[in-house]
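Q: I'd like to ask some things about the structure below.
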Amino acid sequence: MTIENIIKERRSIRKYIDKKVTFDKIGKIIEAGIYAPSSGNIQNWSFIIVRDTQKKEEIAAASLKQYWMTTAYAYIIICNNTQKIEKLYGNHGKIYSTQNCALAAENMMLMAESLGLSTCFVGAFDHNAISRILKLPSTIIPEIILTLGYGDEKPIKTSRDPIEKVTFFEEYGKKMVDDFSFWPLQKFEKDIKDLREKHSKKVSEFYKKIKK
Ligand SMILES: Cc1cc2nc3c(=O)[nH]c(=O)nc-3n(C[C@H](O)[C@H](O)[C@H](O)COP(=O)(O)O)c2cc1C
């Protein structure tokens, strides 16, 4: 599988089959998280693996009653050591610490996908309840819950905006690369080349047309 396949095929999965995930695989997934970049390489994360049935239920209940979560073989809770980072970065520390954990999570989800496993990023939960269930010290915040297991559903089709809608050049809202090019370049390349060979009046007409 190429990195492109892994990125494009990963989908949130909310139903899992009853099959063990070996520690070897869970270890690889956590290591992928550890290899994420972090501000100043502070690595303000820790990971709690939860497999206990009772605990999984309590956590699902504290996650707005998302009981589908309990079908997952395990949860990996990404915890955020905010104290470590706020000392170093002051006000920016909070956002950096969350960004660092999110980068770890994405690495982990992609590694899981590459190992034939499925995940779902769960962000809707009661932080106090999760802290209590996992006995977190006061300086450690539960940031993200990843459900992990072998998927038992076809992923819901989620759409994505096309690149030309969300990409600008040099400034917000500017869609032209230069006087003659437009994103996505390959889509219009032949038309542009043909038009260039004719005369500039037609080029501007063409642009007026595709800009609408
Ligand atoms: C910050 C964040 C919080 C999320 N929280 C939840 C959640 O609580 N429950 C859930 O089922 N999915 C949650 N998701 C998953 C998104 O719903 C999902 O990624 C999105 O719909 C796109 O679908 P895909 O992951 O299949 O591409 C969350 C994702 C992110 C990034």
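Just so it is clear, none of the values below were taken in a lab; they were calculated from the coordinates. Just so you know, these numbers come straight off a predicted model, no measurement behind them. Here the Cβ is made from the backbone with ideal geometry for all residues, glycine too, and neighbour counts use every protein chain on show.
Q: Do the alpha carbons of any pairs in Lys15/Lys65; Lys19/Lys56; Lys20/Lys157; Lys56/Lys94; Lys55/Lys84; Lys65/Lys94 sit beyond 18 Å of each other, and which pairs?
A: Correct reply: Lys20/Lys157; Lys56/Lys94; Lys55/Lys84; Lys65/Lys94.
Q: Roughly how tilted is helix 200-211, in degrees to the nearest 10 and between 0 and 90, from the longest Cα axis of the chain?
A: Tilt relative to the chain: about 30 degrees.
Q: How much mean residue ellipticity at 222 nm does the chain get from its helices, if each DSSP H run of length 4 or more adds -39500 (n - 2.57) and you divide by all residues, to the nearest 500 deg cm²/dmol?
A: My calculation for the chain gives -13500 deg cm²/dmol from helical runs alone.
Q: I've got another one for you. Calculate, in nm to one decimal, what Lys15 and Lys157 gain on full extension: separation in residues at 0.36 nm each, minus their alpha carbon distance.
A: 49.6 nm
Q: Ranked highest first by average number of other Cβ atoms within 10 Å, how do 123-130, 164-171 line up? List each step's numbers first, then the result.
A: Working: 123-130: 14.1, 164-171: 10.0.
The most tightly packed comes first, giving 123-130, 164-171.
Q: Turning to a different aspect of this structure: Mind sorting Cys101, Cys79 by how few other Cβ atoms lie within 10 Å of their own Cβ, fewest first?
A: Placing the least packed residue first, the sequence is Cys79, Cys101.
Q: How far is helix 185-197 tilted, in degrees, relative to the longest principal axis of the Cα atoms in the chain, given as a value from 0 to 90 rounded to the nearest 10?
A: Approximately 10 degrees, to the nearest ten.
Q: Right, next: Treating the angle as unsigned and between 0 and 90°, give the value, to the nearest 10°, between the Cα long axis of helix 23-34 and the longest Cα principal axis of the chain.
A: The helix 23-34 is inclined about 60 degrees to the chain.
Q: Defining a contact as two alpha carbons under 8 Å apart and six or more residues distant in sequence, what relative contact order in percent does the chain show?
A: 26 percent
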